Amino acid sequence: MYPCYVFCHTTDQCRDISYLQHKYLLIYVAIIRPYVYHNSQNKVKKKMTTYAYLRVSTDQQAESGAGIEAQKESCIAYAQRVGCDIIEFFKDESFSGSLALEKRPGLFDAIASLSKGDVLLVAKRDRLGRDPIGVAMIEAAAERKGAKIVSAAGEGTENNDPSSILMRRMVDAFSEYERLIIGVRTKAALQAKKRQKERVGHIPFGYKLSEDGIHLEKAEKEQDILRQMSELKNQGLSLRKIAEELNKRKAFNRGSSKWNHASVHRIIKIAA
């Protein structure tokens, strides 16, 4: 309240003015001051809330916990450097980065928890995904809520200037490139295993695992069924008729289950 200086000519005037000052002081204390204080408190910036998101792609990483723990430590170290506390960790274990937001429950819940001024922290941007378009949509979802996504590795997430945006796009592009390279290498490795007659995933019908537990060898009984199936197909029989004939001959599918047109089609397609 500002000081008030009053010059009085008579004692009665001073008494009246003192009364008015006292009256307005009471009004200030009772009404004006609480209102000003309330408004000043509303102007105080909301404290930033920080969440963290962790993701691993494979079952092996999820079971070992190595990938998750490394990401968690990286996020905690960053939070300590900048002086913030992570209030909750969201996880997607055994979820590919190529999946959309709605198919990753951990990330979906993390985005849903964000409000204005909040931060979603990741160890690296590729934890959000390895598809630039998908990552851009995830960032847009956070921005619509007034929040932002920050990488503990930096990667252009510190600011939103043109250079930082360019850096983020380059990081996302290299993540996609790495995903494609991994896919090509994996496919080549599987093809090499097949050429060497090593087991690759499910053991195909007509083969069994050899004693070394690595290579495949022919299963004579199933090979005979494959020959019968091929002969019936060459005779012009439909898939349903082939299934009926094999079941009639008791030349059943693996596990002594009966054939149907779908299972016959699948075996013929693989054997082709």
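Points worth noting:
- Fewest-first sequence of Val122, Val184, Val150 by Cβ atoms within 10 Å of each Cβ: Val184, Val150, Val122
- Ordering of 127-133, 143-149, 252-258 by burial proxy (mean other Cβ atoms within 10 Å per residue, highest first): 127-133, 143-149, 252-258
- Shape call, segment 112-156: gyration tensor on alpha carbons, a/c limit 1.5: oblate
- Put simply, segment 50-178 fits an ellipsoid with semi-axes of 20, 17, 15 Å; these come from the alpha carbon gyration tensor as the roots of five times its eigenvalues, largest first.
- Violating pairs (Cα-Cα greater than 25 angstrom) within the set Lys197/Lys221; Lys208/Lys269; Lys103/Lys124; Lys194/Lys241: Lys194/Lys241
- Charged side chains reduced to their Cβ positions (Lys and Arg at +1, Asp and Glu at -1) give segment 68-214 a dipole of some 700 debye around its Cα centre.
- Here the convex hull built on the C-alpha positions of segment 207-271 has a volume of 87 cubic angstrom per residue.
- Ranking of Ser175, Ser263, Ser94 by neighbouring Cβ atoms within 10 Å, starting from the fewest: Ser94, Ser263, Ser175.
- Between the listed residues Ile133, Gly156, Ile182, the Cα displaced farthest toward the positive end of the dipole of segment 103-201, a dipole computed from Cβ unit charges relative to the Cα centre, is found at Ile182.
- Counting only residues at least eight positions apart within a chain, or on another chain, the aspartates and glutamates with an alpha carbon under 15 Å from that of Lys218 are Glu198.
- Taking the square roots of five times each eigenvalue of the Cα gyration tensor of segment 144-198, the equivalent ellipsoid has semi-axes of 38, 11, 8 Å, listed largest first.
Bear in mind these aren't lab numbers, they're just calculated from the coordinates by the rules spelled out. Everything numeric in this text was worked out from a predicted model, so none of it was measured. For neighbour counting, all protein chains shown are included, and Cβ atoms are generated from backbone atoms with ideal geometry for every residue, glycine included.
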